[in-house]
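**Q** Handing you a structure now.
What follows draws every value from the coordinates through simple rules; no lab data is involved. Note that this is a predicted model, so its numbers are computed, not measured. Every residue, glycine among them, receives a Cβ derived from its backbone with ideal geometry; neighbour counts consider all protein chains shown.
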Amino acid sequence: MNKYIEAISLLEEYIQDYQKLIQENKINKYNSPMFLQYRSEIQDIIDFFQENREIIPFSIYQDFEKIIPILKELDEKLSIIIPEIKRIINLSHYQKKYPKSHWWWYL
């Protein structure tokens with residue numbers, strides 16, 4: 001049970017960091033990969049919850065689902081800034097590390 005609560009806490013932290021990074025919108029060669037790496041970390045936690053949906057206590061899964069809606073807005077903003085990120089870093093280097101379900105590395 002604690003691992004699910006910890007995962008929710010980590011998810012909230014990553015989303016806050018991801019949101020802050022996107023809202024600041026200061027893209028440079030040092031932070032460019034961070035936009036996509038935060039999104040990948042968030043996706044890993046989402047996948048963990050979805051894969052374990054049947055064994056996670058219902059109330060904890062509901063808490064998880066309440067967090068997710070903010071991602072749609074953040075992902076829309078990310079898709080707008082991806083071209084600028086692509087001008088700064090070589091995404092093909094990172095694409096080898098991530099599955100195609102992590103679409104932000106493949107735009």
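**Q** Too long at a 26 Å Cα-Cα cut-off: which of Lys3/Lys77; Lys29/Lys96; Lys3/Lys96; Lys26/Lys66?
**A** Correct reply: Lys3/Lys77; Lys3/Lys96; Lys26/Lys66.
**Q** For helix 32-51, report the angle its Cα long axis makes with the longest principal axis of the Cα atoms of the chain; keep it between 0 and 90° and round to the nearest 10°.
**A** 20
**Q** Using alpha carbons only, how many degrees (0 to 90, rounded to 10) separate the axis of helix 70-88 from the longest principal axis of the chain?
**A** 30
**Q** Can I ask one more? Choose one of Trp103, Pro69, Tyr14: the residue whose Cα lies farthest towards the positive end of the charge dipole of the chain (beta-carbon charges +1 Lys, Arg; -1 Asp, Glu; about the Cα centre).
**A** Among Trp103, Pro69, Tyr14, the one farthest towards the positive end of the dipole of the chain is Trp103.
**Q** Compute the acute angle (0 to 90°) between the alpha-carbon long axis of helix 58-67 and the principal axis of greatest extent of the alpha-carbon atoms of the chain; round to the nearest 10°.
**A** Roughly 20 degrees between the two axes.
**Q** Same structure, new question: Express the relative contact order of the range 2-105 as a whole percentage, based on alpha carbon pairs under 8 Å and six or more residues apart in sequence.
**A** It rounds to 38 percent for the range 2-105.
**Q** Same structure again: Rounded to the nearest 500 deg cm²/dmol, what is the calculated helix-only ellipticity per residue at 222 nm for the chain, with -39500 (n - 2.57) per DSSP H run of length n ≥ 4?
**A** Dividing the helical sum by the residues of the chain leaves -23500 deg cm²/dmol.
**Q** Towards the positive end of the charge dipole of the range 2-105, with charges on Cβ (+1 Lys, Arg; -1 Asp, Glu), say which of Ile82, Tyr38, Ile55 has the farthest Cα.
**A** Ile82
**Q** I would also like to ask the following. So if I restrict to the alpha-carbon atoms in the chain, what is the Rg, and what is Dmax, the biggest pairwise distance, in Å?
**A** My reading of the Cα-based Rg and Dmax gives 14.6, 44 Å.
**Q** Loop only by DSSP, 15 or fewer other Cβ within 10 Å of the Cβ. Give me the trypsin sites (Lys or Arg not before Pro) in the range 4-107 that pass, ordered by residue number. Please list the in-between numbers first.
**A** Values: sites: Lys20, Lys26, Lys29, Arg39, Arg53, Lys66, Lys72, Lys77, Lys86, Arg87, Lys96, Lys97, Lys100; in loops: Lys26, Lys29, Arg53, Lys96, Lys97, Lys100.
The qualifying sites are Lys26, Lys29, Arg53, Lys96, Lys97, Lys100.
**Q** Now a separate question. Please find the FRET efficiency linking Ser79 to Glu54, where r is the Cβ-Cβ separation and R0 is fixed at 35 Å, and quote it to the nearest 0.05.
**A** 0.65
**Q** Note down the nm distance, to one decimal, between modelled labels 7 Å out along Cα→Cβ at Ile70 and at Asn90.
**A** Calculated label separation equals 3.5 nm.
**Q** May I pose another question? Using the crude model of +1 on Lys and Arg Cβ and -1 on Asp and Glu Cβ, and no other charge, please compute the dipole size for the range 2-105 relative to its Cα centre, in debye to 20. Could the numbers behind the result be given before it?
**A** Details: 14 positive and 16 negative charges, 129 e Å.
Roughly 620 debye, rounded to the nearest 20.
**Q** Given the options Glu76, Glu41, Glu13, state which has the largest fluctuation in a GNM of the chain using a 10 Å cut-off (strictly under) for Cα springs.
**A** Glu76
**Q** Continuing with the same structure: Express in whole angstrom the spacing between the alpha-carbon centres of the range 1-41 and the range 48-91.
**A** Each part reduced to its Cα centre gives a spacing of 9 Å.
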